[in-house]
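**Q** Below you'll find the structure I mean.
The values are calculated or read from the model by the stated rules, or taken from the named source; none is laboratory data. Just so it is clear, the model here is predicted, and its values are computed rather than measured. Because the Cβ atoms are built from the backbone with ideal geometry, glycine has one as well, and the counts that use them run over all protein chains shown. To get the accessible areas, we keep the full protein, side chains included, count just its heavy atoms, and leave off ligands, DNA and RNA. Shrake-Rupley method; radii C 1.70, N 1.55, O 1.52, S 1.80 Å.
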Amino acid sequence: QKDLQKAKEEYQELFNAVPDGIYACDIEGRFSKVNKAACEILGYSEEELIGKHIKDIYVNPADRDKYLGYLLENGYYHGFVAHLKHRSGKTFYVETYSTLVKDKNGSPVAIEGVFRDITTRIKLSEQIQASEKKFKTIFENNFDAIIVTNEKGDILEFNRKAERLLGKELKMGNLKNILNEDSEIIIKNAMKKEYFEIPTYAISKGNSVHYVSIGASKLSLDKETLFQIIFHDVGTEIHKRPQDIRLPRTERVKSV
């Protein structure tokens with residue numbers, strides 16, 4: 001009896017020491033056991049939670065029905081994200097890992113699980129998504145043509161202006177199809193200088209010639225180095241000083 005009592009006390013200490021919420025409820029959804037962390041996360045005392053229906057703490061009770069349906073079908077649900085209500089009224093998100101408990105006849109009788117507050121992670125993810133959406137909008141609606149390539153010149157991404165300006169050559173997949181051997185010169189210089197610019201460059205499009213200024217910059221990411229190539233459309237006819245016009249091939253290479 002002493003050993004049994006000691007084991008129970010040690011179990012209870014461990015149960016309450018875990019920083020994640022641990023709970024058990026009957027198949028109807030009423031709490032039958034909770035640890036200290038579960039009470040703190042939900043904002044209730046243990047006495048207030050025991051017997052309380054889980055649906056009462058859901059922002060949308062229908063979410064619990066979907067969760068239970070999956071649990072009854074599969075016997076477990078790992079990674080379910082629930083939108084809950086704290087006793088104070090604030091809402092937050094938890095990630096749960098639950099298991100269905102069955103009796104000796106195979107009938108479901110209870111649910112046991114662990115959950116943790118992931119509100120910060122959810123909000124950070126939402127901020128990242130909003131930032132990506134904002135960047136995508138700016139990228140797509142930019143007045144200049146923008147192309148993103150790797151060191152080999154493979155075109156990874158481009159905006160609408162690039163598609164209108166460069167047309168079918170853009171869809172062939174490599175910067176060489178637009179700039180010929182000059183693509184290597186531009187990427188090599190952008191690699192060394194991090195930013196490289198050609199004031200005036202002639203691009204053939206059908207029967208016409210478009211003049212653009214080209215700016216190339218290096219994008220150093222965690223796992224790879226990419227390049228952003230920006231084409232500013234000058235037009236089909238330009239009037240500039242002779243030294244601003246695209247240099248002949250030999251002089252241009254020498255100047256680089």
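**Q** Suppose the filter is touching a residue at least 60 places away in the same chain (Cβ under 8 Å) and either of a type in the set (Asp, Glu) or in contact with a His (Cβ under 9 Å, 6 or more places away or on another chain) (or both); does Leu165 pass it?
**A** Yes: the conditions hold for Leu165.
**Q** Taking into account only those residues within segment 72-90 that are part of a strand (DSSP E or B) and open to solvent by 70 Å² or more (accessible area, probe 1.4 Å), which is nearest to Val109 (Cα to Cα)?
**A** Tyr76
Residue by residue, here is whether (1) in contact with a Leu (Cβ under 7 Å, 6 or more places away or on another chain); (2) among the hydroxyl-bearing types (Ser, Thr, Tyr) holds:
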{"residue": "Asp103", "(1), (2)": "no, no"}
{"residue": "Gly106", "(1), (2)": "no, no"}
{"residue": "Ala110", "(1), (2)": "no, no"}
{"residue": "Gly113", "(1), (2)": "no, no"}
{"residue": "Arg116", "(1), (2)": "no, no"}
{"residue": "Thr120", "(1), (2)": "no, yes"}
{"residue": "Gln129", "(1), (2)": "no, no"}
{"residue": "Gly153", "(1), (2)": "yes, no"}
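**Q** Being more than 21 Å from His83 (Cβ to Cβ) and either modelled with pLDDT under 90 or in a helix (DSSP H, G or I) (or both) is the filter; apply it to segment 20-70 and report the residue that is least open to solvent (accessible area, probe 1.4 Å).
**A** The selected residue is Glu46.
**Q** Out of Leu100, Leu84, Leu71, which single residue is within 24 Å of Glu126 (Cβ to Cβ) and without any contact (Cβ under 8 Å) to a residue 60 or more places away in the chain?
**A** Testing whether each residue is within 24 Å of Glu126 (Cβ to Cβ) and without any contact (Cβ under 8 Å) to a residue 60 or more places away in the chain leaves just Leu84.
**Q** Continuing with this model, one more query. Before we move on, is Lys152 modelled with pLDDT of 85 or more, open to solvent by 20 Å² or more (accessible area, probe 1.4 Å), within 28 Å of Asp222 (Cβ to Cβ) and assigned to a loop (DSSP other than H, G, I, E, B)? Reasoning before the result, please.
**A** Details: modelled with pLDDT of 85 or more: yes; open to solvent by 20 Å² or more (accessible area, probe 1.4 Å): yes; within 28 Å of Asp222 (Cβ to Cβ): yes; assigned to a loop (DSSP other than H, G, I, E, B): yes.
It is true that Lys152 is modelled with pLDDT of 85 or more, open to solvent by 20 Å² or more (accessible area, probe 1.4 Å), within 28 Å of Asp222 (Cβ to Cβ) and assigned to a loop (DSSP other than H, G, I, E, B).
**Q** Okay, next question. Condition test on Asn142, is it of a type outside the set (Val, Ile, Thr) and either surrounded by 11 or more Cβ atoms within 10 Å (Cβ to Cβ) or within 20 Å of the chain's Cα centre (by Cα) (or both)?
**A** Here the answer is yes, as Asn142 does meet what is asked.
**Q** In segment 157-244, which strands (runs of 3 or more DSSP E) lie fully inside it and hold 2 or more residues that are at pLDDT 85 or above and among the aromatic types (Phe, Trp, Tyr)?
**A** So the answer is 195-205, 225-235.
**Q** Of all residues in segment 25-63, which are in contact (Cβ under 8 Å) with a residue 24 or more places away in the chain and either among the β-branched types (Val, Ile, Thr) or at positive phi (or both)?
**A** Ile27, Gly29, Ile41, Gly43, Ile54, Ile57, Val59
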